Each structure stands twice: as C-alpha cells, then as structure tokens.
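Here's the structure we're looking at; comments come further down.
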Amino acid sequence: MKFEPLGKLIPDYSRFFTVDEHNERSFELVKKYPKTVRISHEGTSRAGDKIPVLEIGNGSRHALLFGCPHPNEPIGAMMLDTLCNLLAGEEDLLKELDYTWHIVKVIDVDGTRLNEGWFDKKDSIESYAENFYRPPGYKQVEWTFPVQYKTLNFQSPLPETKLLMELIETYKPDFMYSLHNSGFGGAYYYISGDSPELYPHLHSIPKKFGVPLSLGEPEVPFFEHLAPAIFKLFSSKELYDHLAKHTDKDPAQILRMGAGSDEYAERICKTYSLVTEVPYFYDSRVEDQTELEITRRESLLANLKRQKDYLSLLESIMVKAGDFLDKDSPFFFPINEVLETGAESLKADENWIQSDEKLNRPATAAENFDNQNVSEFYRSLSLGMLRRLMQASREKFGSEDKILQASKEADLAFSNQIKLLNNNLNYKAIPIKNLVGIQLLTGLYTAKYVQENR
C-alpha cells in the first residue's frame, strides 16, 4: 500500500491545538467510533491533569506513539490527531497495518501548557522564542527513564514517564514513535538500527512537502551516521562515555538525567524506535554542501566562543537579580541548569574540537550555517525563558531595583538577539500540514517495515 494519498486527507491546520482541545477531540473520537477507539489508560501529570491514552484497533502487534515528549514540540501531537482520525475512519489502513495502536497525544501536559502562548502565532521566530518553555533534562519526560551506568544512577522517573514505562512493560511494543521536532533547520531522523529499505522513503518524503534535509552539524558529534540525515538512536551511556573521554569532571554531574524512551524499551522488548525531526522554520542553506575555505574545526571554535560569551551574559543578568529571583518558577530551572553545567559541557566540546583530526577538512556551507546562524536561533530560546523568569520574579518581588535592572537587561538581550536573527536569516515558517505529512508518512512506512521485517 502506498501511503502518499493519505497526505491529501491531512487538515490544513492554521494553528497548534491546546492540550484541552486535544483531549476534547480524543473523547469525541471515542464517541464517534466506539467499536474501534477506546480510552485504555489514564495517567496523571505532575500538576494533576489527566493524560488519556487512546487505543485503536485490535492488531496482533503493538505500536506506542506519544506526542510532546518535550513540551515545545507540538507538531507530533497534531500528527497524532490526524493519525487517530485516519485509523478510525479508514478501514483499509487499519487492516494494512496489523497493530493495536496506543496513542498519547500530549505526554508532557504541564510543560505544553507553558508553550501555548505561541501556538496561534506559529510564523514568527520572535513569538516562538518569547513564549518558549523547555525544562532541564531531569524534568523532561523523554530523559527521565531509570538508568544505572558507572557513576550515573538516575531512579526518579516523572509521573508522565512512569505512564510510558507502564505502557512499554504492558504491551511490549514492536514499534515506538516518540514525536519530537527541532526548531530550525531541515528534516532528519533517528532510528533503532541500519534499515536501508527505509532510506528511500526517509529521503524522499520531506521533499514531497517542500522541506529540505538537514545536512549540517549533528546534534552531538559521536552520533552514528547511517545515511545522509539519518542517525542511529543513541543512549545515555554513550553520552556519558563521550563526556568521560573529553572532561575530567564526573559525567553524571553534567548529564543530570536518565535514559531515553528508546533505551528503556530496548531493555524491555527490543522495540524498533523512530524519531522524525522536522523544524518550524527553515532556510535553504541548511542543505548547502558547498565546501568553504574555513575548516570545520574553525567553524566550530567560532561558535564555541559565542556560546561562552552567551553563558557569561546569562550569568551576569542572573547575578544582578541576586536574591530576587523566583526560584519556584518553572523558568528558573532550565536557566540555572545551563549555568551550572554549561561551562563543563563546553570544556568537553572544546577538547573534542581540538583533538578530532576529522575536523581538519573544509566546512560545508550547511555546517557553517548551523554554527554561525542556527546556534543563535537556539540561544534566543533561552533568552526568551530568561525574560519569562524575570517577569515571574517581578510579580513575586514587586519593584525591587535589582530585579527591575536585571529584567531590563534581559529584555535588551532578547531584543538584540531577535534583531541579529532577522538580519542574518532568510527564514520561512513551514505549514503545519506539511510537517504533519512528513511525520505521518514516515511513521506509516516505518510501521510497515517493522511489520514485514521484525
């Protein structure tokens, strides 16, 4: 079965749905298709909100899919909204894929609510950054599965993570799809292992929806490339070993988090896992393979210097606020984590950059664009959270001079960062329908591959 025709059935979403809207649509689907769709479980978030788990079909295999594993990543929740309607309403699709589908549209309910301020202003980097929220690793659903490895001993899964653990242990899914997305760049993938039969689909699907592949710098240098823009999923143990190789500090003090969902599922039942990273914004330079006169090492070192300057700026503003920071605010924890671990993490990065002989080659335009421009996009997100922290602190402590001055400097830093991005990026916002289409078709073809090969 070719899944491409299903792309025409994707709604032309004008905005991202809120958590409440997703829940309403899920319960409406159960009422509409009571013989096919049901609520099988109901978890609870840290704040006490309900997390419904939809179950669709009665296939012999099990698939577990969950959206918003990071709360700033609502594309996957929209894809799951589409998929649920297709599975319930398209009988041929449900028969073609012999699965019982277990679907959580929004797994990090509390964090997603803190991002809803930009859900209806999706075309602006400034709106995205000023309403952005993402917790530190030890408060992320995706990175709080239990793990014990050398000095890393994380045994504090969040309630939302415990729900996923229960689903993995109960159903032992053959296929698992954690619905992540990037912020800026092109499309790329993480999969459980070398699967060359899938690669033509993974490479062609983004192009069908007008999105380039991401061919610049990988998120982490040691990732195993399986094919262009396709990487093998990595573990917390690999992150630990990379840090151990490049820093004298205990890696557990830098990581401060647990295992990922795929790592946990692999222990339980050898699940085949997929992550499809698609961006909200892109610039055509993300796939430019032109070789430049500077080396990749020089490009990386220039970005490293800017990151050091950026950390100094964050620290300076936080110090100015002094004791008038709202340390109970959700926006305090990610900023504080960056300041407590950032310097050692950068030392490890610098050691890798200086010692890896493979970095002597010329940098591609895509790699340099990542180092020079995309990195600045991601810095704007932390500055957005810093502003939100200052706002929370003003509300708590009133007109104290220290917090007012720190808040003023945070506003200026954010404004300058947005100007920098607008002056150096030729970005376009990608329609939600197109991003949903990429994640949908990739997921369906991967589910089919797993069904036929595992």
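Observations on the model:
- FRET efficiency for the ASP20 to GLN354 pair, using the beta carbon distance and R₀ = 56 Å, is estimated at 0.65.
- Computed [θ] at 222 nm, deg cm²/dmol, the chain (DSSP H ≥ 4; -39,500 (n - 2.57); rounded to nearest 500): -15500 deg cm²/dmol
- Among the listed pairs LYS122/LYS408; LYS305/LYS408; LYS162/LYS305, a Cα-Cα separation exceeding 31 Å is found for LYS162/LYS305.
- Taking every DSSP beta bridge that has both ends in the chain, the antiparallel portion is near 55%.
- Mean separation of Cα contacts under 8 Å, 6 or more apart, over the residue count of segment 214-262: relative contact order %: 28 percent
- Counting DSSP beta bridges with both ends in segment 20-152, the antiparallel % (nearest 5): 65 percent
- Counting neighbouring beta carbons within 10 Å and listing from fewest to most, the residues VAL30, VAL106, VAL220, VAL53 come out as VAL220, VAL30, VAL53, VAL106.
- Relative to the Cα centre, the charge distribution of the chain, modelled as +1 at Lys and Arg Cβ and -1 at Asp and Glu Cβ, gives a dipole magnitude of about 400 debye.
- Extension reserve of the LYS95-GLU42 stretch, reckoned as 0.36 nm per residue once the Cα distance is removed: 16.4 nm
- Taking every alpha-carbon pair under 8 Å whose residues sit at least 6 apart, segment 137-191 reaches a relative contact order of 22 percent.
- Full-extension gain in nm, ARG454 to LEU9, via 0.36 nm per residue minus C-alpha separation: 157.3 nm
- Whichever lysines have a C-alpha closer than 25 Å to that of LYS402, once near sequence neighbours (fewer than 8 apart) are set aside: LYS308, LYS320, LYS327
- For the chain, the relative contact order comes to 20 percent (Cα pairs under 8 Å, sequence separation of at least 6).
- Neighbourhood charge, 11 Å Cβ-Cβ cut-off, centred on PHE16 and excluding it, Lys, Arg +1 and Asp, Glu -1: -2
- Tensor-based shape of segment 197-318 (alpha-carbon gyration tensor, a/c under 1.5 rounded, otherwise prolate or oblate): oblate
- Fully extended contour minus Cα-Cα distance, from GLU224 to ASP123, at 0.36 nm per residue: 33.1 nm
- Eigen-decomposition of the gyration tensor built on the alpha-carbon atoms of segment 289-426 gives equivalent ellipsoid semi-axes of 34, 17, 10 angstrom, largest listed first.
- For segment 142-211 versus segment 83-108, the inter-centroid distance based on Cα atoms is 18 Å.
- For the pair segment 1-55 / segment 347-362, the C-alpha centres are spaced 45 Å from each other.
- Label-point separation in nm, ARG267 to SER284, each point 7 Å along Cα→Cβ: 4.8 nm
- Three-way shape call for segment 144-275 based on the alpha-carbon gyration tensor, with the a/c threshold at 1.5: oblate
- FRET efficiency, LYS419 to SER156 (Cβ-Cβ, R0 56 Å, nearest 0.05): 0.85
- For the peptides 248-259, 376-387, the ranking by mean Cβ contacts within 10 Å, running from highest to lowest, is 376-387, 248-259.
- Amide N of segment 355-372 lying under 11 Å from the label point, which is placed 7 angstrom from the Cα of THR295 along Cα→Cβ: 355-363
- Amide H contacts of ILE51 (H built 1.01 Å from N, under 5 Å, at least 5 apart or other chain): GLY43, THR44, SER45
All of the numbers you see were taken from the coordinates with simple rules; none came from a lab. Note that the coordinates shown come from a computational prediction; the quantities given were computed from them, not determined experimentally. So basically every Cβ, Gly included, is an ideal-geometry build from the backbone, and we count neighbours across all protein chains shown.
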